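What follows draws every value from the coordinates through simple rules; no lab data is involved. Just so you know, these numbers come straight off a predicted model, no measurement behind them. Neighbour counts run over all protein chains shown; Cβ positions are idealised from the backbone, glycine included.
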Amino acid sequence: MQKSRLSEDLWETVSVLARYFDGMKCGHVGSDGYRKTSDMRVLLDVVRDLLNCGVIDPDKTVFLDLGSGDGRVCMLMSYFCKWSIGVELEDFIYEEYFQRRREVDLLLSQGLLPLGNNLCILNGDALNDDTHRQVESITGISLRDVDIFYTYITLHDVYADMLQKKANPGSFYMVYGFSAILPRYDGFTLLNPDVGGHRLVALYRLNSKVKL
Ligand SMILES: C[S@@+](CC[C@H](N)C(=O)[O-])C[C@H]1O[C@@H](n2cnc3c(N)ncnc32)[C@H](O)[C@@H]1O
């Protein structure tokens, strides 16, 4: 797919994808809140904002979902990024990706734009160096190559701590799920407390290291 062609076809495809996944949200009722899924319509508005302000460049941006669940966010972001990568800890949730992927491929085969091969979902601990090495061996992407890190609240502060040590200064950290009071993370600047306009997604940026 030509990523620079942010066409009507593309928006139609991602809207269908968003509707499909929003019809099967996880963890919003019952006890499995830890595996809540992002609202994909919200994320489409987030993507529009990020494209408009140049944070996403479809030809360059590398996206990483820390705790990718069934891979839905990565699938959506793959249409707007050069690489869309996800890491999921739980084996049984990771396995769901393959089922979702089959369903999505079938859905998209009806005249919509197919998923590209810029999508990579791995089973592992997003905090573990071995997982990062595995990602790099498959995609050539190290943590320092990632432009946008994403999490749906899970371990948001622990991830921030890791990113402060290992990510590239200037990279973005996007956290889904806070409504009013936003956390601050050492080494990050809060750039936008409300990307997408739903009071759900905050965007931070990793500061340059200042040598004293
Ligand atoms: C709230 S869900 C979000 C799923 C997806 N990112 C979304 O927004 O729809 C968080 C996911 O992170 C996974 N997770 C928790 N700790 C993790 C870790 N250390 N490494 C990778 N995944 C982790 C959980 O198993 C769960 O599937």
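Once the Cα gyration tensor of segment 156-204 is diagonalised, what are the square roots of 5 times its eigenvalues, in whole Å and ordered largest first, as equivalent ellipsoid semi-axes? The answer is 19, 11, 8 Å, longest axis first.
Among LEU17, LEU64, LEU107, the residue with the largest mean-square fluctuation in a Gaussian network model of the chain, with springs joining Cα atoms closer than 10 Å, is LEU107. Between helix 129-139 and the chain there is an angle of about 50 degrees, using the helix long axis and the longest principal axis of the Cα atoms.
Nearest 500 deg cm²/dmol is fine: what mean residue ellipticity at 222 nm does the chain get from its DSSP H runs of n ≥ 4 alone, each adding -39,500 (n - 2.57), divided by its residue count? Could you put the intermediate results ahead of the total?
Values: 6 runs with 74 residues, N = 212.
Per the formula, -11000 deg cm²/dmol.
Calculate how steeply helix 40-52 sits against the longest principal axis of the alpha-carbon atoms of the chain, using the helix alpha-carbon long axis, and give the answer as 0 to 90 degrees to the nearest 10. Compared with the principal axis, the helix lies near 60 degrees. GNM remark for the chain: springs join alpha carbons under 10 Å apart, and the peak mean-square fluctuation among GLY67, GLY23, GLY177 falls on GLY23.
For segment 112-212, the dipole from Cβ point charges (+1 on Lys and Arg, -1 on Asp and Glu) about the Cα centre works out to 340 debye, to the nearest 20.
Among SER142, SER137, SER84, a tally of other beta-carbon atoms within 10 Å of each Cβ gives an order, fewest to most, of SER137, SER142, SER84.
Computed from Cα atoms, the angle from the helix 156-166 axis to the main principal axis of the chain rounds to 70 degrees. Projecting the Cα positions of SER109, PHE63, THR13 onto the charge dipole of the chain (unit charges on Cβ atoms of Lys, Arg, Asp and Glu, taken about the Cα centre) puts PHE63 furthest along the positive direction.
Where does the chain land on Rg/Rh, using Cα atoms and the Kirkwood Rh?
Values: Rg = 16.2 Å, Rh = 17.3 Å.
That ratio is 0.94, to two decimals.
Could you give the length gained on full extension between ASP129 and SER109, defined as 0.36 nm per residue of separation minus the Cα-Cα distance, in nm?
Working: separation 20, 0.36 × 20 = 7.20 nm, distance 3.71 nm.
Between ASP129 and SER109, full extension yields an extra 3.5 nm.
Assign unit charges at the C-beta atoms only (+1 for Lys and Arg, -1 for Asp and Glu), then state the dipole size of the chain relative to its Cα centre in Debye, rounded to the nearest 20. Can you show the working numbers first?
Numbers: 23 positive and 29 negative charges, 117 e Å.
The calculation lands at about 560 debye.
Pulled fully out, how much extra length does the chain show between ASN117 and ILE153, if you take 0.36 nm times their separation in residues and subtract their Cα-Cα distance?
Details: separation 36, 0.36 × 36 = 12.96 nm, distance 2.75 nm.
Fully extending the segment from ASN117 to ILE153 adds 10.2 nm.
Can you count the Lys pairs in the chain with C-alpha separation below 16 Å, eight or more apart or on different chains? Number of lysine pairs found: 7. As a calculated quantity, the FRET efficiency between GLU90 and LEU182 at R0 = 35 Å, using C-beta atoms, amounts to about 0.80.
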